[in-house]
Amino acid sequence: MKTGYTKGHLSYILRLLESKDLVERVYEKRRKLLVRAKGKTLLKLLKEHLDYLRRVSRDVLSELREELVSELKPFEEEVAEILRKLEGD
């Protein structure tokens, strides 16, 4: 089977995937190399990535809320002042 990739490039990619524990090498008879994906590892990485995205989105929402609060603070103070004046009358 031809892939268009050099052996060196394939070896590099295979080592990279192995270092991330995504695949494992399996040798058959006559030293034939097979590469097997590790399903549980893929699921683990997906969960970690989704958790990271959730944390980042919470941080962004938190910052947005702080910005909105700081922008609305003068308005809230003005409304409070008007209410104090109305209560005094």
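Rundown of residues vs (1) of a type in the set (D, E, K, R); (2) closer than 25 Å to Leu10 by Cβ; (3) at pLDDT 85 or above, yes/no style:
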| site | (1), (2), (3) |
| --- | --- |
| Val26 | no, yes, yes |
| Arg36 | yes, yes, yes |
| Arg65 | yes, no, no |
| Glu77 | yes, no, yes |
| Gly88 | no, no, no |
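Within the set of pairs 6 or more residues apart or between chains, which connect a residue that is within 22 Å of Leu17 (Cα to Cα) inside region 45-61 to a residue that is not in a helix (DSSP H, G or I) with Cβ atoms less than 9 Å apart? Note: pairs meeting the criteria are Leu45/Lys20; Leu45/Asp21; Leu45/Leu22.
If you go through region 1-19 and keep only what is surrounded by 10 or more Cβ atoms within 10 Å (Cβ to Cβ) and at pLDDT below 85, you end up with just Tyr5. All conditions in (1) β-branched (Val, Ile, Thr); (2) surrounded by fewer than 10 Cβ atoms within 10 Å (Cβ to Cβ); (3) touching a helix residue (DSSP H, G or I) at 6+ places or on another chain (Cβ under 9 Å) hold for Val23, with the sole exception of (2). Residues that are part of a helix (DSSP H, G or I) and of a type in the set (Val, Ile, Thr) were ranked within region 35-85; the one that is nearest to the chain's Cα centre (by Cα) is Val56.
Contact map, region 6-32: residues that are more than 20 Å from Lys44 (Cβ to Cβ) paired with residues that are not in a strand (DSSP E or B), Cβ distance under 9 Å, separation 6+ or inter-chain. Pairs shown: Leu10/Thr3; Ile13/Tyr5.
The values are calculated or read from the model by the stated rules, or taken from the named source; none is laboratory data. If you're wondering where the values come from, they're calculated on a predicted model, not measured in any experiment. Don't worry about glycine lacking a Cβ; one is built from the backbone with ideal geometry, like all the others, and counts go over all protein chains shown.
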